[in-house]
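> I have a structure I would like to understand better, so I am pasting it below and will then ask my questions one at a time.
The values are calculated or read from the model by the stated rules, or taken from the named source; none is laboratory data. Being a predicted model, the structure only gives us computed values, none of them experimental. Here the Cβ is made from the backbone with ideal geometry for all residues, glycine too, and neighbour counts use every protein chain on show.
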């Protein structure tokens with residue numbers, strides 16, 4: 001029997017605003033929101049993740065805070 005996914009709805013803060021999700025990981029949440037995090041820095045509860053880090057290995061938890069930052073350079 002396959003392992004059950006954690007489908008409990010979580011209340012998190014997303015980009016400074018309240019949000020609810022059934023996603024189990026940061027990667028699943030970003031996919032749910034259709035957010036392309038390629039080339040972005042992701043912050044989850046004060047921990048920074050660089051582009052290329054495995055966000056599928058980062059579990060979401062109720063009450064957490066998630067932000068995505070894209071660096072834009074210009075002249």
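> Restricting to region 16-51, what's the tally of residues that are under 10 Å from the mean Cα position of the chain (by Cα) and touching a residue at least 40 places away in the same chain (Cβ under 8 Å)?
The total comes to 1.
> Continuing with this model, one more query. Quick check: is even one residue across region 28-41 in a loop (DSSP other than H, G, I, E, B) and modelled with pLDDT of 95 or more?
Scanning region 28-41, I find no residue that is in a loop (DSSP other than H, G, I, E, B) and modelled with pLDDT of 95 or more, so the answer is no.
> Can you pull out every residue in region 36-50 that is over 15 Å from residue 13 (Cα atoms) and surrounded by 14 or more Cβ atoms within 10 Å (Cβ to Cβ)?
Residues satisfying the conditions are 37, 40, 41, 49.
> A further question follows. Scanning for something assigned to a strand (DSSP E or B), in contact with a strand residue (DSSP E or B) (Cβ under 9 Å, 6 or more places away or on another chain) and surrounded by 14 or more Cβ atoms within 10 Å (Cβ to Cβ), does region 51-58 turn up at least one residue?
no
> For region 2-17, how many residues meet the condition of being in a loop (DSSP other than H, G, I, E, B), surrounded by fewer than 10 Cβ atoms within 10 Å (Cβ to Cβ) and modelled with pLDDT of 95 or more?
1
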